Amino acid sequence: MLSILRDTEYCVKLKNQSVALRDPKSSMVFREPYTNLIRRHLGRHPKRADGVTAAALRKYERRLGLRLPAAMREYYLIAGRVDELNREHNVLFRLDELRIEESHLWFMEENQAVVHWGLPTKRLAEDDPSVYQRANVGRAKWYSERMRFSEFLIDTFDWQAGCGDAAHEG
């Protein structure tokens, strides 16, 4: 589970150790929480077919002209093709649906298209940037969800399944 230390610095608690994330290669720390998410919701371990390929990820990063944050990259590699999670209620965009508008990388749409979630483009170099949301109305403003991408994604999918905070216990 993630805990915010400062706006630009955070820790991931793994086996009673704090690991500061600064390097994009540190995406492996997200593997365990995402694997646990799949186990909770699908009752099985992730399969290779659940994730997108590294080649597909690189292709869409080139199309966007950027490297996705480590937390987002790792999720797509592990579970980017699991529609039972990603499109069950709110819709996590597939790689080809990701877009940059209004200085944000848009990655999710509320199930009635009333709200969108995105990551500020100026924060994409962070391993796990904070998520922002905007209402789908003219001249909408972006507001912080006060959660990092990995935490937001897990909380959203747990909420959708009716698990809430209980899923993070034990």
Q: Kindly rank 74-83, 58-67 from highest to lowest mean number of other beta carbons found within 10 Å of each residue.
A: 74-83, 58-67
Q. Calculated FRET efficiency, Ala161 and Arg63, Cβ-Cβ r, R0 35 Å, to nearest 0.05?
A. 0.65
Q | Total formal charge among the other residues, if their Cβ is under 10 angstrom from that of Ala71, Lys/Arg +1 and Asp/Glu -1 | A | -3
Q) From largest to smallest, what semi-axes in whole angstrom does segment 87-170 give when each is the square root of 5 times an eigenvalue of its alpha carbon gyration tensor? A) 21, 16, 12
(Q) Among Ala113, His89, Ala70, whose Cα projects farthest towards the positive end of the dipole of segment 22-168, with charges put on the beta-carbon of Lys, Arg (+1) and Asp, Glu (-1)? (A) Ala70
(Q) Need one number: nm distance between label points at Arg39 and Ser103, each 7 Å from Cα along Cα→Cβ, rounded to one decimal. (A) 4.1 nm
Q: Would you mind computing, in nm to one decimal, how far apart the modelled labels at Arg139 and Ala49 are, each placed 7 Å from Cα along Cα→Cβ?
A: 5.0 nm
**Q.** Radius 12 Å from Cβ of Met147, net charge of other residues (Lys, Arg +1; Asp, Glu -1)
**A.** -2
Q | Along each principal axis, Cα extent of segment 22-168, largest first, Å | A | 43, 33, 26
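Read-outs: derived from the displayed coordinates by stated rules, not from any lab. Source: prediction; values computed, not measured. Neighbour counts are summed over all protein chains in view; Cβ atoms, including those assigned to glycine, are modelled from backbone coordinates with ideal geometry.
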